[in-house]
Amino acid sequence: MQTNKYILGVYDNPDKIYSTTKKLINKGYKVDDVYSPFAIHGMDRLLGIKRSNLTVAAFLFAMTGLTLAVTFQVYVSKIDWPMIIGGKPNLHIPTYIPITFELSILFTAFGMVTCFFIVNRMFWGKNADIIDPRVTDDLFVVSIQIQENKTDIQALNQILVENGALEVRERIKD
Amino acid sequence: MSYESPIRDQLVTGGKTYRDVTRDVTRPLENAPSKSWWIGFSISTLVLALWIGATTYTVFVGLGAWGLNKTVGWAFDITNFVFWVGIGHAGTLISAVLLLFRQKWRMSINRSAEAMTIFAVICAASFILSHMGRPWVAYWPIPLPNAFGTLWVNFNSPLVWDVFAISTYFSVSLVFWYIGLIPDIATVRDRAVSKARKFWYGFFAMGWNGSTKTWHRYEVISLILAGISTPLVLSVHSIVSMDFATSLVPGWHTTIFPPYFVAGAIFSGFGMVLTLLIIAREVMNYKDYITEAHLDAMTKIVMVTGTMVGMAYITEFFVAAYSGVEYEQYAFLNRAFGPYWWAYWTMMTCNLVAPQVFWFKWARTTPWFIFIMSIIVNIGMWFERFVIIVTSLHRDFLPSSWAMYTPTITEVSILIGSFGLFFFLYFLFCKFLPTINMAEVKSIIPTHHEDHGHNHVKGENHAN
């Protein structure tokens, strides 16, 4: 049975929190997340986070931009209002390349970043769920979800402290 | 786990801890501005006023306020535009290209370089608007359904490509910069004492809490943004160069223009980054973050790109001679020995000859000297654009149309004033946003196992 209770171990060193998290995972604890002031290399793999699909989203947005740009330019210069400028043909694919390229990039950037905000539920003015105000400064926090009748809190506390936790706290998420 | 090579020098010196980084970078934000900030800010505001005055005058009077004539229809305006766009390129190069190449020295300079990109593109765009003569119809190059029957833009025209390139470049750079800022804005939010600071930094931090899940996605999108910004930055200046290269004017009509312009853009951009950072590390005391090793690396790039640009100048002469086209030959001889010879030789001296001093270690590591050199580079690159534009145009095909161009006071005021605009924005940035990417810098300082925060020996290295 999962609960909404979490145990937080506060560390001041990325290496310590990495090795502690590894131990906890090996012992079968349910590590919910690790909070850090910067990305700890390899931590995402350790927590079993799958590679994000944002790359796929980026590619799809690039294709959208590309298709729209080509369609629009062909429609304007061949179908809607053909004009002869400098004796050049109406359908002049090579000159579409710069704008197509730029629009693909524009769509990729904005589309992907919007998706990033959506999957992280980030928006302007959101009230941050701050674990510890110093987690954006110099502290690293591992949060372990407690499972009813399964998690031995005493043993967990001991592991955290033995591995150099500055502090162990309990947190209730609602 | 990052591996720190025991033989490489540390990128951040002074044995900084994570807390030191936070404290050093947020100090200018959390305290009243220093006297030097006020002096700098006041001067730039005055110069900005000059820009506002001269631009407003141009808008009311029309392009007759400038020294343009029937033969020379592009001069200071486009020179300044290309100059400012070029400056912007170093920011993207540092943050995107060096990220792809995993060059960790970029981390303490990328924030201000990207800010520089954005402000430089704003300056560049202002010239595009004012050179149109009627800036209130500046939306015409955008293909919109309109009142003239559906009269669309001409997609054959590089000027239309340029509209797309510059606006994409500006908006993507802004997004890239903002994404990089979010974790640092959250740091400022979490340290904020006053309600207003908590609110505003909290508003823009978008609820960032440093979770590993978010960091994972963050790293993915940073990599992709870097991946798309790299070809973008190359394409932007290539397209700017096509504004000239796709014409038939001797001196412009050359295939070397795109790579030559890109090299020149990086050259001038690094010049401006050096100008800004040498002041910043002095005034804001960031010598441990922007070390002499950073200056050394950047001056090497200045030397390489300067030499590439110089190579292009010489290649142009060779091609003119070898092609046998007499108009082309005349255009280049006129550049070097015609009435604008002084502009040509200023350009040659500043861009090709001057950067060669960076072969010497002393020149690469002496801040005051690099500062002077960075100004010389910027003067040289401004003259490069002036030479390309004005000397190619002023000798028209018919000798009866030959003309000379002299800028008016209005044009000179707009040029000087644009520096006011640039520095005004830069000073505001220094006051309100962290000028060094704290999150990235923290990831490259060594992790001290047992003695974290106590026993830091300068130059100490740990292999983890």
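The values are calculated or read from the model by the stated rules, or taken from the named source; none is laboratory data. The model shown is predicted, which means the values in this text are computed figures rather than measured ones. Backbone-built Cβ (ideal geometry, glycine too); neighbour counts: all protein chains shown. Heads up: the accessible areas ignore ligands, DNA and RNA and are worked out on the full protein's heavy atoms, side chains in. Shrake-Rupley method; radii C 1.70, N 1.55, O 1.52, S 1.80 Å.
Below, the figures for the structure above:
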item	result
Boolean, residue A:71 is surrounded by 14 or more Cβ atoms within 10 Å (Cβ to Cβ) and more than 7 Å from chain B (Cβ to nearest Cβ)	no
Search result, residues across region A:121-151 that are under 18 Å from residue A:30 (Cα atoms) and in contact with a helix residue (DSSP H, G or I) (Cβ under 9 Å, 6 or more places away or on another chain)	A:140, A:141, A:142, A:144, A:146
Which numbered condition residue B:433 fails, given (1) aliphatic (A, V, I, L, M); (2) surrounded by fewer than 23 Cβ atoms within 10 Å (Cβ to Cβ); (3) over 23 Å from residue B:95 (Cβ atoms)	(3)
Criterion: open to solvent by less than 60 Å² (accessible area, probe 1.4 Å), hydroxyl-bearing (Ser, Thr, Tyr) and part of a helix (DSSP H, G or I) - qualifying residue of B:55, B:13, B:71	B:55
Subset of region A:34-51 [at the interface with chain B (Cβ under 7 Å from one of its Cβ atoms) and surrounded by 20 or more Cβ atoms within 10 Å (Cβ to Cβ)]	A:34, A:35, A:36, A:37, A:38, A:39, A:43, A:44
Among the residues listed as B:101, B:81, the single one being away from chain A (no Cβ under 14 Å), buried (at least 24 other Cβ atoms within 10 Å of the Cβ) and farther than 24 Å from residue A:107 by Cα	B:81
Of all residues making up region B:380-398, the number that are hydrophobic (A, V, I, L, M, F, W, C) and surrounded by fewer than 16 Cβ atoms within 10 Å (Cβ to Cβ)	2
Verdict on residue B:139 being open to solvent by 30 Å² or more (accessible area, probe 1.4 Å) and within 9 Å of chain A (Cβ to nearest Cβ)	no
Within region B:142-161, tally of residues that are more than 9 Å from chain A (Cβ to nearest Cβ) and touching a residue at least 40 places away in the same chain (Cβ under 8 Å)	1
Verdict on residue B:172 being under 15 Å from the mean Cα position of the chain (by Cα), within 14 Å of chain A (Cβ to nearest Cβ), outside any loop (DSSP other than H, G, I, E, B) and of a type outside the set (S, T, N, Q)	yes
The lone exception for residue B:25 - which of (1) among the hydrophobic types (A, V, I, L, M, F, W, C); (2) at pLDDT 90 or above; (3) under 27 Å from the mean Cα position of the chain (by Cα) it fails	(2)
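Residue-by-condition table, conditions (1) more than 7 Å from every other protein chain (Cβ to nearest Cβ); (2) of a type in the set (Val, Ile, Thr); (3) assigned to a loop (DSSP other than H, G, I, E, B):
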{"site": "A:56", "(1), (2), (3)": "yes, yes, no"}
{"site": "A:67", "(1), (2), (3)": "yes, yes, no"}
{"site": "A:84", "(1), (2), (3)": "yes, yes, yes"}
{"site": "A:95", "(1), (2), (3)": "no, yes, no"}
{"site": "A:107", "(1), (2), (3)": "yes, no, no"}
{"site": "A:115", "(1), (2), (3)": "yes, no, no"}
{"site": "A:128", "(1), (2), (3)": "no, no, yes"}
